[in-house]
Amino acid sequence: MLMRNYKLRQWTTAKGHKDKLAEQEPIRLVDGAELSLPSIYVDPGKRFQTIEGFGGAFTEAAANSVNRIGAESKKQFFKAYFDRLEGHGYTLCRTHINSCDFSLGNYSYTNISGDADLKHFSIDRDRQALLPMIKEAQRVAPELLKLLASPWSPPAWMKTNGKHNGGGKLKPEFRNAWAEYYVRYIREYEKEGVPIWGLTVQNEPAAAQVWESCVYTADEERDFVRDYLGPTLEKAGLGHLKIIVWDHNKDLLIERIRPSYDDPEASKYIWGAGFHWYGPEKFDNLQLAHDAWPDKKLIFTEGCQEGGPHIGSWDLGERYAYNIINDLNRWTVGWIDWNMVLDENGGPNHANNFCSAPIIADTKNDRLIFQSSYYYLGHFCRFIRPGAVRILCASTRDDLEATALLNPDESIVIVVLNRTDEQRQFSLRLPDRAGVSSMPPHSISTSVWQPS
């Protein structure tokens, strides 16, 4: 690919600078660049995984937060995330089946004990706030959202501990009813005009949380997919949905997915594995998962800063960018943030597990607070579109963290992160072109090489 007819545009967000996602002067391309400079080398001819998209999660807490601000602030919120021209243009999102900790309380779609035939199944609770939020996002988004749905817990009566919270396990006699529950959920959402793209088997199946949770061993998850969930979806004509296993941290990824992937009958139903960032970083486990099972996908399904709203923290954005770059460079095909918005307390959360979000709804003053994480996310999702392919990108310096992708329109996107206290000057190089760029301390830069 020749670069002679390409021009380079660049956007930067930096700590201490008022303007965020601000376009800079175009970088002049030269035939060569100073060899003494650190460099980031990109080769569009070497291609890797295809990207599904970027996005965040619709939760009852997020919907509640949005509903407590005025009409203009609400309009600003949806534009900020879903408008393609003035916002992030989110395309891949997540939501919860039944309640999660970021709900206003425990609930299921049927609370009638023993209702294995799901005669009392109803999504009326979701119609109050959650579904209207999703529908408004669909209206603003320029393309159909891919929606991933995850359960935190089956109905309490299906579980060994008789509660939504505190772990417990799915009772064996309700495995078929629980598989049918997914189908019923999908069909009810379809009737609302909200199609489901994929499912995770269970959110964080290795954790008995004080909020909604359900524990599976790796073998139990394999057996449930192989003998119940996979065949039930296929019988219902829903075999095209993506089934995602694990949906938990990277540290245990390999040993948790192996039983499911190495069982041919289970594996045939499984699209890939989801992971979170709350444990040890262990990015090498993502690479190992791809190397061992290259036909399976990897998708980041949840991450947020815990312990309150962290309003004004610059570390939030850097944590996001550091993880996204390392995830993409190890075969991740999609990246989904946790709550898109929370209130000024980092909630509501019925278990007092208050967290941060890229946008905070200041419900007392009817305004939105855009966190550093919002802008850092924008450096990826505003420029990397669904169908983009990761391409070879090599940095000569550990403190210049970078990734590069080729969009369907042939534009090349290079994202560079500088987490140091120093200004960084470096060359951006392709096989036959180069340019010199500079980044302030604690900044992120997105360069787009566009056909002219």
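The values are calculated or read from the model by the stated rules, or taken from the named source; none is laboratory data. Bear in mind that the values here come from a model prediction, so they are computed numbers and not experimental data. Cβ: placed from backbone, ideal geometry, glycine included. Neighbour counts: every protein chain shown.
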The lone exception for residue 408 - which of (1) assigned to a loop (DSSP other than H, G, I, E, B); (2) modelled with pLDDT under 95 it fails: (2)
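Residues 243, 299: which one is closer than 25 Å to residue 328 by Cα and in contact with a helix residue (DSSP H, G or I) (Cβ under 7 Å, 6 or more places away or on another chain)? Full working, then the answer.
Numbers: 299 fails: in contact with a helix residue (DSSP H, G or I) (Cβ under 7 Å, 6 or more places away or on another chain).
Being closer than 25 Å to residue 328 by Cα and in contact with a helix residue (DSSP H, G or I) (Cβ under 7 Å, 6 or more places away or on another chain) holds for just one of 243, 299, which is 243.
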Leading residue by the ranking (surrounded by the most Cβ atoms within 10 Å (Cβ to Cβ)) among those in region 427-441 that are over 30 Å from the mean Cα position of the chain (by Cα) and hydrophobic (A, V, I, L, M, F, W, C): 434
Residue among 129, 141 that alone is of a type in the set (A, V, I, L, M), assigned by TED's automatic domain parsing to the domain that holds residue 216 and out of contact with any Phe, Trp or Tyr (no Cβ under 8 Å at 6 or more places or on another chain): 129
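Yes/no per residue for (1) among the aliphatic types (A, V, I, L, M); (2) within 23 Å of residue 417 (Cβ to Cβ):
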{"position": "320", "(1), (2)": "no, yes"}
{"position": "325", "(1), (2)": "yes, yes"}
{"position": "340", "(1), (2)": "yes, yes"}
{"position": "343", "(1), (2)": "no, no"}
{"position": "346", "(1), (2)": "no, no"}
{"position": "372", "(1), (2)": "no, yes"}
{"position": "378", "(1), (2)": "no, yes"}
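Identify all residues within region 167-186 that are of a type outside the set (Asp, Glu) and touching a Ser or Thr at 6+ places or on another chain (Cβ under 7 Å); write none if there are none.
167, 168, 169, 171, 179, 183
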Among the candidates 377, 405, residue that is crowded, with 21+ Cβ neighbours inside 10 Å and more than 22 Å from residue 45 (Cβ to Cβ): 377
Tally of residues being closer than 23 Å to residue 392 by Cα, acidic (Asp, Glu) and in a helix (DSSP H, G or I) across region 288-332: 3
Residues that are hydrophobic (A, V, I, L, M, F, W, C), under 30 Å from residue 139 (Cα atoms) and touching a Ser or Thr at 6+ places or on another chain (Cβ under 9 Å), drawn from region 197-243: 199, 201, 238, 243
Some residue of region 53-71 being crowded, with 21+ Cβ neighbours inside 10 Å and more than 21 Å from residue 309 (Cβ to Cβ): yes
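Considering only strands (runs of 3 or more DSSP E) fully contained in region 1-113, which possess at least 1 residues that are at pLDDT 95 or above, of a type in the set (Asp, Glu) and in contact with a Phe, Trp or Tyr (Cβ under 8 Å, 6 or more places away or on another chain)?
In region 1-113, no matching strands (runs of 3 or more DSSP E) lie anywhere.
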Any chance residue 345 is surrounded by fewer than 22 Cβ atoms within 10 Å (Cβ to Cβ) and in contact with a Phe, Trp or Tyr (Cβ under 7 Å, 6 or more places away or on another chain): yes
Test: residue in region 300-309 that is surrounded by fewer than 18 Cβ atoms within 10 Å (Cβ to Cβ), in contact (Cβ under 8 Å) with a residue 24 or more places away in the chain and among the acidic types (Asp, Glu): yes
Set 448, 415: member being within 26 Å of residue 331 (Cβ to Cβ), aliphatic (A, V, I, L, M), touching a His at 6+ places or on another chain (Cβ under 7 Å) and touching a residue at least 60 places away in the same chain (Cβ under 8 Å): 415
Selection within region 123-143 - surrounded by 17 or more Cβ atoms within 10 Å (Cβ to Cβ) and among the basic types (Lys, Arg): 125
